[in-house]
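A short write-up of the structure that comes next.
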Amino acid sequence: MSTDQPQEFDTAQLTKQTYQVVPFAERTGIRVVEAERGRVRLMMPLEPNVNHVGTMYAGALFTLAEIPGGTLWVTTFDIRRFYPIVRDLQITFLKPAVTDIYTEVSMTDSEAERLSSEAEANGKVDYSWESELVDTNGVVVARTRNVY
């Protein structure tokens with residue numbers, strides 16, 4: 001599975017696919033802003049996700065934390081054979097989100113190879129990661145632990 005050069009993906013197409021698979025994501029305005037094999041970066045705009053106190057709605061932040069699991073899978077594995085399903089997501093809110101928010105998730109080639117082998121052998125595999133949701137000033141507004 002390893003390659004010398006990262007394989008880049010059409011972010012507009014990945015965003016469109018996300019909207020087709022998870023229509024709710026389109027209402028949040030979430031976008032894939034960078035994508036290559038084993039790494040994705042997504043952004044959620046503050047508007048239209050503002051709550052009653054002028055910060056980003058907690059459910060929107062949760063959505064931004066959850067969506068990269070599928071996007072990372074699409075950039076790394078054969079989605080015709082296996083697809084991701086969220087099993088657990090824990091989020092810790094640290095600061096109010098008052099700007100657009102970004103998150104980045106990645107996986108090494110060796111981790112991808114291990115997961116592929118296990119999925120082939122067992123028909124399924126668990127994978128997990130920790131991530132941060134970061135505002136446009138570099139402030140971490142939330143941390144997550146995701147299991148798919």
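The values are calculated or read from the model by the stated rules, or taken from the named source; none is laboratory data. What you are looking at is a predicted structure, and each value in this text was computed from that prediction instead of being measured. All Cβ positions, even for glycine, are placed from backbone atoms using ideal geometry, and neighbour counts span all protein chains on display. These area figures cover heavy atoms from the full protein model, side chains too; ligands, DNA and RNA do not enter into them. Shrake-Rupley method; radii C 1.70, N 1.55, O 1.52, S 1.80 Å.
Could we say that T103 is open to solvent by less than 30 Å² (accessible area, probe 1.4 Å), in contact with a helix residue (DSSP H, G or I) (Cβ under 7 Å, 6 or more places away or on another chain) and assigned to a strand (DSSP E or B) here? Spelling it out, T103 is indeed open to solvent by less than 30 Å² (accessible area, probe 1.4 Å), in contact with a helix residue (DSSP H, G or I) (Cβ under 7 Å, 6 or more places away or on another chain) and assigned to a strand (DSSP E or B).
Residue selection: S110 satisfies the criterion of being open to solvent by 50 Å² or more (accessible area, probe 1.4 Å) and either touching a His at 6+ places or on another chain (Cβ under 6 Å) or over 23 Å from G54 (Cβ atoms) (or both). For segment 119-129, a residue qualifies if it is in a helix (DSSP H, G or I) and closer than 22 Å to E66 by Cβ, and exactly one does: A119.
I'm trying to understand the selection: among the residues of segment 8-63, which are hydroxyl-bearing (S, T, Y) and more than 20 Å from V74 (Cβ to Cβ)?
First pass over segment 8-63, keeping only residues hydroxyl-bearing (S, T, Y): 11, 15, 18-19, 28, 55, 57, 63.
Correct list: T55, Y57.
You will find that of A142, A97, A58, A121, the residue that is hydrophobic (A, V, I, L, M, F, W, C) and either closer than 21 Å to V21 by Cβ or surrounded by fewer than 14 Cβ atoms within 10 Å (Cβ to Cβ) (or both) is A121 and no other. Regarding W129, is this residue touching a Pro at 6+ places or on another chain (Cβ under 9 Å), surrounded by fewer than 17 Cβ atoms within 10 Å (Cβ to Cβ) and closer than 22 Å to R37 by Cβ? Against the criterion (touching a Pro at 6+ places or on another chain (Cβ under 9 Å), surrounded by fewer than 17 Cβ atoms within 10 Å (Cβ to Cβ) and closer than 22 Å to R37 by Cβ), W129 qualifies. Can you say whether T63 is open to solvent by less than 50 Å² (accessible area, probe 1.4 Å) and in a loop (DSSP other than H, G, I, E, B), as far as the supplied structure shows? When the stated conditions are applied, T63 does not pass them. Within the option set T92, T144, being of a type in the set (S, T, Y), touching a helix residue (DSSP H, G or I) at 6+ places or on another chain (Cβ under 6 Å) and part of a strand (DSSP E or B) holds for one residue only, T144.
Exactly one of (1) closer than 20 Å to A112 by Cα; (2) open to solvent by less than 40 Å² (accessible area, probe 1.4 Å); (3) not hydrophobic (A, V, I, L, M, F, W, C) is unmet by E34. Its number? Unmet condition: (2). If you check V74 against the conditions, is it within 12 Å of the chain's Cα centre (by Cα), more than 16 Å from V134 (Cβ to Cβ), of a type outside the set (S, T, N, Q) and not in a loop (DSSP other than H, G, I, E, B)? It is true that V74 is within 12 Å of the chain's Cα centre (by Cα), more than 16 Å from V134 (Cβ to Cβ), of a type outside the set (S, T, N, Q) and not in a loop (DSSP other than H, G, I, E, B).
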